[in-house]
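One structure below.
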Amino acid sequence: MKPAPFAYLRPECLQDALEAYADHADDAKILAGGQSLIPLLSMRLAAPTMLIDINRLTELSYVHTDASGVRFGALTRHAQIEHDKRANRAQPLLRKALRSVAHPTIRNRGTTVGSIVHADAAAEMPAVLRLLEGSVTLRSHEGSREVGAEDLFVGPLETSLAAGEIATEIFMPALPAGAGVAFEEISRRRGDYALCGAAAIVQTDPGGAVTSVKTGYLSVSETPLVLDLSDAFDDGELSQTNLTGAGELASAAVQPETDIHATADYRRQLAGVLTKQVIEQAHNHASARTIGGSQ
Amino acid sequence: MTWKLVGENVTRVEDDRLLRGLGRYTDDLCPEALHVAMVRSPHAHARIVDIDIERVLDVDGVLAVYTYEDLPGPLAEPLPLLIPHPALTHGRTQYALAKDEVNYVGEAVAMVVAIDRYIAEDAAFRISVSYDPLPPVVGIDHARKAEHLVHDDVPGNVAARMEQSTGDAESAIAGAPHKLTLDLEIERSAATPLEGRATLAEWDTGSGRMRVWTSTQTSTGVRAAIAAKLQLDLANVDVITPDVGGGFGVKIMHPWPEDLLVPFVARALGKPVKFIEDRREHFISSAHERGQVQHVEVGFDDDGRILGLSVRFWHDNGAYTPYGIIVPIITSTQLLGPYKPGAYSVVFESLYTNTVVVTPYRGAGRPQGVYAMERTMDAIASYLGRDRTEVRAVNFIQPDELPYDHGLLFQDGRPLIYDSGDYPACLQKLKKLVGWDEFETFREQARSQGRRVGIGLACYVEGTGVGPYEGGHVQVETSGKVKVATGLTSQGQGHQTVFAQIVADELGVRFEDVEVTTGDTRRFPYAVGTFASRAAVMSGSAIAFAARAVRTKALRIAADALEASSDDLEIVDGIVRVKGTPDATIALGTVAVLSNPLRYAFDKASESATQFVVGDPDKPPVAEGDEPGLEGKGYYSPVRSTFASGMHAVIVETDPDTAEIKILRYCVVHDCGHVVNPLIVEGQIHGGVAQGVAGALYERMSYDEHGQLLNASFMDFLMPYVTEVPSKIEIDHLQTPSPLNPLGIKGAGEAGVIPSTAVFAAAIEDAEGIGITSMPISPSELFELRRRNTEASSPGRRAT
């Protein structure tokens, strides 16, 4: 379990990193938290000839929060965002989901941007980005561009990043007034990849009626899946009947696969159960925020 | 009387060092050693056509590459078949490096030696082996069908077929008022210690000595194997066991190919060499266990009393049988538990498959046997509509029937005779502890909240402390410090603590003055090993005998010095004194000085033993039959095993929607005779229960039909975290001493894991009302089982 030989670069500034990456885009990998990359190297499932370590680029380690939402950089660790009060007041789904990302030691090292561009549909934060309709800033030595979440994930472990592009920042929109969020997942062991996970954002109007229900899923599709289940609540009520209907819609819409840990049908069942749970919790959250005036 | 340490919660002397990171494991030693990396078969079954090492020879840092062709003499023969048995008619073992054919994914084919493990792995990847694939045999069903053979010359893939019986079970079943048949399955798991296998060897060319440090459960076994296979004199081979990061059975298997290849290379190159197994290698080349398919027929009366029990089972032994058929023999005998069926017959076939070898893993066949028996007890209770504890109670061997002879042969080749135990008392304690009689009230409460709960229990008897023997050496130094050595090894059990407790009590010295060394053939070359819950019983007893011998000698010498009768002496805190005469004392260290007549004084204390100071000039300084030094040896070799016992109960809750299985309570009543250290025994139970939870609910070896292990990492092999193990394990003890050893003790190392699969199957069945016949069980499997059950009635169990 030792990696194949590779060259190692540790640039001191982003510009150097981008230039090195431009020169070696085909066979280099960016090393940030290393929580997925290092095991892949050790098992020789990946053998890039160069690692560009961006851990010296401390300018990419930040959490910036304003009224529009939360921005964090390529070197921001999961734990930084998880424990950032302002960020979680603006978008409470971040902490709710981050607490399910692996274990504390992994969250101390792993970066949220890295996890998102690793684009594992079994991971929490890609699904959160999709559900919240966030975006990612991509930089190359030629310039920069912004990509919306729906255009980022193009296949299993595959993104629309071009050769030589580094994801430098992610933006997660703030939670609007009258809205609530929730996150739940079921895994075999605490901290494992989920057998199925679900997040919800429920929007209510000032009268308390449900106006929009959206859910996001992990581990039940090739790319992070988002469903708009608003139609199941067209009477504006969060009734058991509507919840059941939403759960059935979700079970039918997910595309899970059977593996050694669970059958596709079981994951389908979990998607339905979790859908009901997260919608109900998100609705409660919305109500509490309306009454409490904050989170 | 002095303060007795045996029976006390003495905290472990090992912990301070280990918790501070001061432990020294094999990989910590000799950082300058060369490393080996193995080329392992990617095929479950194939002929080796060609091995091309050309691309490796010019890799910088590579010193040598070996294939089968390079192995000389006995090293080129198949590895030892450690425990032959007449029923093992077709035993097969692998070569240290594969010869012509590979029989499992992970089998060692070639070996690279390089200056570090990185380069060794790089080189191993450049070795190109061409294979001619053969059809693999994976799983017990395929092995039984025998459409393909693992070994051409083993018909039916049957390594061994063994039959034992007492009475005429078939007639007893035929004549019984009620009959049931059960078909049961249990999956593979593995020991997976945190430290994998590790071996370091150093050859001293000048003196022709081989010194080996290895992570093993038997340093004497490895030593004998190295001497034999490398054609060295035993006296010129030392094997030392440094700290070992867990064994759980996998390290009693020996010699692994690397145990021999590493010393071989060290001698060939004249440099220290090490092999440090990595995690993936451990999954695909170290032993697994558990996999069995079982068929049970039982006949019983209206009270549930078993009149006849007939069991057939099929045991997956993997590709080879290096450890013989110990595991299925244990299953077939320990299946009986605390019960006395009117007649019993058991037949097993041990089958070859193209998978990793199967050798003992903590529990060693017992979890499977207990599973078969306890599932049967539950089936009888369910069929008769009786309480599950009542059905068990009517089948118990009663205290006044002990010692009880089952009329079978046990794994040690000795009669299966239980020495002591009190099963009815154990059951009463368990019922009280778990609140068995109040459970229905709890179930009703839970049901009214939409919750589904269930309770299960399982009973076991465990043969522990198997022979043939262990020894101990106790020596008092002139400082008064006591050095103790025993040959078996330690993997974290707390032997240093427990053996020191025994010596402190037996000899009358302070616990802090006792230092224990295990598993070092330089200190004690006669030993068997650490397995079968035997260390405390075997080495504990031997060390007690050794300490008693030292005490007798100390009293004799002190009696002379104090001019008293040795009957009037006692030893307290390392001081020999005349009872009732506080001033008449002599320190044990001084006795040690006197025990060794000297010509030369090297310090003040030793002056008193020099030739012009002591001794009768008319007698030899060392009397005939006596020896210099205050030391003693003892050996313990029991006529047969001692049988510990216990009962577990678990309360589970199953989620009606997600089929998740939650442990609400886990209760253990345990009888290992006299308890030397309750803290350590409870620690053993905790660890065992954790591994039991693992085997029942989480762990399995997921082989696909090609013989590829799909979950060869801790990401997909679900060893539970602390978050999955019950945070509280409720324990009660019963102590029925063993009459077979001086301390009245029985083994405790494996107990916690033995009934877990059975007890979880019972509790989940009770919660769900669906027969559970295949373990382990995951939430997904429970979900699918529920779905199948709504279509048909409970599978696997049917009245006949």
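The values are calculated or read from the model by the stated rules, or taken from the named source; none is laboratory data. Computed from a predicted structure; not experimentally measured. Reconstructed Cβ throughout: ideal geometry from the backbone, glycine too, with neighbour counts over all protein chains shown.
Would you call A:L98 in contact with an Asp or Glu (Cβ under 7 Å, 6 or more places away or on another chain), farther than 22 Å from A:L14 by Cα and modelled with pLDDT of 95 or more? When the stated conditions are applied, A:L98 passes them. Just one residue in the set B:D278, B:D259 is touching a Lys or Arg at 6+ places or on another chain (Cβ under 9 Å) and farther than 24 Å from B:A485 by Cβ; that residue is B:D278.
Evaluation of A:V70 against the conditions (1) under 13 Å from the mean Cα position of the chain (by Cα); (2) crowded, with 24+ Cβ neighbours inside 10 Å; (3) under 22 Å from A:A182 (Cβ atoms); (4) not polar (S, T, N, Q) shows that the sole unmet condition is (1). Selection over the stretch B:702-750 of residues that are more than 14 Å from chain A (Cβ to nearest Cβ) and either without any contact (Cβ under 8 Å) to a residue 60 or more places away in the chain or basic (K, R) (or both) gives a count of 2. For the residues B:A143, B:A120, B:A96, B:A174, the requirement of being crowded, with 23+ Cβ neighbours inside 10 Å and either aromatic (F, W, Y) or over 25 Å from B:I51 (Cβ atoms) (or both) singles out B:A143. Those strands (runs of 3 or more DSSP E) of the stretch B:3-111 in which at least 1 residues are within 19 Å of B:L200 (Cα to Cα) and modelled with pLDDT of 95 or more, considering only elements entirely within it, cover B:34-40, B:62-66. Flag set for A:S115, criterion: of a type in the set (S, T, Y) and away from chain B (no Cβ under 14 Å).
One line per residue, one yes/no per condition, for (1) of a type outside the set (V, I, T); (2) in a helix (DSSP H, G or I); (3) crowded, with 24+ Cβ neighbours inside 10 Å:
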| residue | (1), (2), (3) |
| --- | --- |
| B:D505 | yes, yes, no |
| B:E512 | yes, yes, no |
| B:E515 | yes, no, no |
| B:Y526 | yes, no, no |
| B:F531 | yes, no, yes |
| B:V550 | no, yes, yes |
| B:A559 | yes, yes, no |
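The set of residues in the stretch A:194-213 that are more than 18 Å from A:V273 (Cβ to Cβ) and touching a residue at least 12 places away in the same chain (Cβ under 8 Å) comprises A:I201, A:Q203, A:T204, A:D205, A:P206, A:G208, A:A209, A:V210, A:T211, A:S212. Taken over the stretch B:550-575, the criterion of being within 13 Å of B:V509 (Cβ to Cβ) and either aromatic (F, W, Y) or without any contact (Cβ under 8 Å) to a residue 40 or more places away in the chain (or both) is satisfied by B:I575 alone.
Counting residues in the stretch B:135-156 that are of a type in the set (A, V, I, L, M, F, W, C), within 14 Å of chain A (Cβ to nearest Cβ) and under 32 Å from the mean Cα position of the chain (by Cα) gives zero. When residues in the stretch B:199-224 are screened for being part of a helix (DSSP H, G or I) and within 24 Å of B:R24 (Cβ to Cβ), 5 of them pass.
Residues that are farther than 25 Å from A:H78 by Cα and either more than 14 Å from chain B (Cβ to nearest Cβ) or out of contact with any Phe, Trp or Tyr (no Cβ under 8 Å at 6 or more places or on another chain) (or both) do not occur anywhere in the stretch A:28-42.
I want to confirm something. Restricting to the stretch B:99-118 and keeping residues that are facing chain A (nearest Cβ under 9 Å) and either out of contact with any strand residue (DSSP E or B) (no Cβ under 8 Å at 6 or more places or on another chain) or not acidic (D, E) (or both), which single residue is farthest from A:R44 (Cα to Cα)? Going through the qualifying residues, I end up with B:R117.
Going through (1) farther than 28 Å from B:Y339 by Cα; (2) surrounded by 15 or more Cβ atoms within 10 Å (Cβ to Cβ); (3) among the basic types (K, R) one by one, B:R640 falls short only on (1). One residue alone among B:V137, B:V129, B:V150 is surrounded by 21 or more Cβ atoms within 10 Å (Cβ to Cβ) and part of a strand (DSSP E or B), and that residue is B:V129.
Residues to consider are B:D573, B:D567, B:D560, B:D513; find the one that is acidic (D, E), at negative phi and touching a Gly at 6+ places or on another chain (Cβ under 8 Å). Answer to the selection: B:D513.
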